[in-house]
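The values are calculated or read from the model by the stated rules, or taken from the named source; none is laboratory data. Predicted model, so just to flag it, every value in this text is computed and none were measured. Don't worry about glycine lacking a Cβ; one is built from the backbone with ideal geometry, like all the others, and counts go over all protein chains shown. Accessible surface is based on the protein model in full, side chains and every heavy atom, while ligands, DNA and RNA are left aside. Shrake-Rupley method; radii C 1.70, N 1.55, O 1.52, S 1.80 Å.
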Amino acid sequence: MAKPKLATTSLAGCFGCHMSILDIDDRILQLIELVDFDKSPINDIKDFSGRCAIGLIEGGCCNEENVHVLREFRERCNILVAVGECAICGDIPSMRNAIPLQECLDEAYRNGPTVHNPTGQYPNDPDLPLLLNKVYPCHEVVKIDYFIPGCPPPADSIWAALTALLTGQPVTLPYGLIKYD
Ligand code: SF4
């Protein structure tokens with residue numbers, strides 16, 4: 001019987017949550033017994049090969065490409081999981097939400113103390129995705145089925161959630177995995 005497929009992506013995140021996925025260490029060997037990896041930066045597969053059982057999302061949405069990818073994951077995955085605080089609430093990238101976008105651009109490309117930009121132009125290559133007015137958590141863009149908290153979530157949380165979902169068990173994380181003080 002074909003194994004269920006697992007896809008992952010990083011939107012506005014730092015790849016720390018993907019590092020935490022890899023931090024399951026040798027349990028990755030058990031994971032590949034349970035699933036086939038589909039579109040994911042882990043295997044560098046760029047396109048979906050079919051419908052996926054689970055999609056893991058790192059990062060929120062800061063630009064139009066993030067929104068496009070997130071909607072594609074929602075369309076292609078039966079279960080969508082927001083992994084980490086950036087996906088859940090915007091986290092560090094959303095610190096810009098309190099500042100008007102124009103001010104952020106001016107500071108980054110014109111007025112910042114280390115900026116050298118004699119023409120005063122903003123990056124405008126057509127391949128660059130347009131920035132959104134603010135950074136959005138994933139659940140404000142599509143329906144999210146599960147949330148795994150942490151920055152990044154511990155590998156044990158990701159493992160517990162994944163194995164529960166793949167074996168049809170309820171997803172429960174012990175207190176020790178969601179306590180951060
Ligand atoms: S939640 Fe933390 S580790 Fe994960 S992408 Fe965001 S900043 Fe990085």
Mean-position separation - Cα centroids, the range 135-181 and the range 1-49, in angstrom: 15 Å
Accessible surface of the chain, 1.4 Å probe, proportion on carbon and sulfur as whole %: 56 percent
Positive minus negative residues near Glu103 (Lys, Arg vs Asp, Glu; Cβ under 15 Å): +1
In nm, spacing of pseudo-spin labels at Ile178 and Leu105 (7 Å Cα→C-beta vector): 4.0 nm
Simple label model, 7 Å out from Cα along Cβ direction - Asn97 to His139, nm: 1.2 nm
The range 1-130 - share of DSSP beta bridges that are antiparallel (%, nearest 5): 15 percent
Backbone N under 20 Å from the Asp156 label point (7 Å along Cα→Cβ), restricted to the range 1-43: 17-31
Prolate/oblate/rounded call for the range 1-81, Cα gyration tensor, a/c under 1.5 rounded: oblate
Rounded if a/c under 1.5, otherwise prolate or oblate - the range 58-102, Cα gyration tensor axes: oblate
25 °C / 0.890 mPa s Stokes-Einstein diffusion coefficient of the chain, Kirkwood radius on C-alpha pairs, µm²/s: 140 µm²/s
Cα Rg, Dmax, the range 142-181, angstrom units: 10.5, 31
Whole-Å distance, taken between Cα centres, linking the range 109-126 and the range 62-107: 24 Å
Additional length obtainable on full extension of the chain from Asp25 to Asn63, 0.36 nm per residue less Cα span: 10.4 nm
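If packing is taken as the average count of other Cβ atoms within 10 Å, what order do 75-82, 128-135 fall into, highest mean first?
Per-residue Cβ counts within 10 Å, averaged per peptide and sorted highest first, yield 75-82, 128-135.
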